[in-house]
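Notes follow once the structure below has been shown.
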Amino acid sequence: MGLLTKKDAGLILDPLADNNPITIQVLGICSALAITAELEASVVMAISVIFVLGVGNVVISLMRNIIPSKIRIIVQLIVVATLVIIVDQVLKAFAYELSKTLGAFVGLIITNCIIMGRFEAFALANGPWKSFLDGIGNALGYGVILILVGFFRELLGSGTLFGVPVLGDPIAKTGLYATGYENNGFMIIPPAALIVVGIIIWVQRSRNPALVEEN
């Protein structure tokens, strides 16, 4: 018998597709709009949320029987704030320029609906192992969408990936590439993220008609 049962595997796999936090639950949209103009920022934000939600779910699960119900939200905020401070300090120590790019959005992980929602809906009612899997699964589902959006926005908006030109050699600093590609400035502004997310949602629902809401 493997380490993961079928039910345990579902905790990780379901949020990646049919129960994705962004495309199905419509949570965590703000960061998907704000920080996905660059792929590097998208990847770092995804990793940060994986750490915060994975560890946070375990901590809340371990404390679930001793947290008074009247102050459970305050306790949850303290736990997530502590983890976010750790992430913020690590970024400032090892990736200072990137930490400035992300700015306040790292701190806003504290109020991310996905994190508080999983604390309330799952970690308070399940053991540490299942809570860990649930946290990792939902954070991965969030991260995959962030990275997809960041990939297309940076590629089409700047002609680069991780800051490296991939659509040809740039001619001076005009935004025009030797391949004939010209940067699409629209892709680096927040409304473009909504369009990319919308396309992802359309593709997801076209592949699985069960996800289409009935009128």
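The values are calculated or read from the model by the stated rules, or taken from the named source; none is laboratory data. Everything numeric here is computed off the predicted structure, so don't read it as measured data. Here the Cβ is made from the backbone with ideal geometry for all residues, glycine too, and neighbour counts use every protein chain on show.
Might you let me know whether the stretch 162-182 holds any residue that is modelled with pLDDT of 85 or more and either closer than 21 Å to residue 34 by Cα or polar (S, T, N, Q) (or both)?
Checked against the condition, which is being modelled with pLDDT of 85 or more and either closer than 21 Å to residue 34 by Cα or polar (S, T, N, Q) (or both), the stretch 162-182 yields at least one hit.
Name the residues in the stretch 89-98 that are part of a helix (DSSP H, G or I) and within 18 Å of residue 143 (Cβ to Cβ), would you? Spell out how you get there, then give the answer.
Here is the first cut: in the stretch 89-98, the residues part of a helix (DSSP H, G or I) are 89-94, 96-98.
If the condition is that a residue be part of a helix (DSSP H, G or I) and within 18 Å of residue 143 (Cβ to Cβ), then 90, 91, 98 are the ones that fit.
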- Message: For the condition under 22 Å from residue 147 (Cβ atoms) and either surrounded by 14 or more Cβ atoms within 10 Å (Cβ to Cβ) or at pLDDT below 85 (or both), what is the one hit in 109, 60?
- Response: 109
- Task: Evaluate the stretch 105-123: report whether one residue or more is hydroxyl-bearing (Ser, Thr, Tyr) and either in a loop (DSSP other than H, G, I, E, B) or in contact (Cβ under 8 Å) with a residue 24 or more places away in the chain (or both).
- Result: no
- Task: Could you tell me whether the stretch 155-168 includes any residue that is more than 18 Å from the chain's Cα centre (by Cα), buried (at least 21 other Cβ atoms within 10 Å of the Cβ) and assigned to a helix (DSSP H, G or I)?
- Result: yes
- Message: If I filter the stretch 31-40 for residues that are touching a Lys or Arg at 6+ places or on another chain (Cβ under 6 Å), of a type outside the set (Ser, Thr, Tyr) and either buried (at least 18 other Cβ atoms within 10 Å of the Cβ) or modelled with pLDDT of 90 or more (or both), do I get at least one hit?
- Response: yes
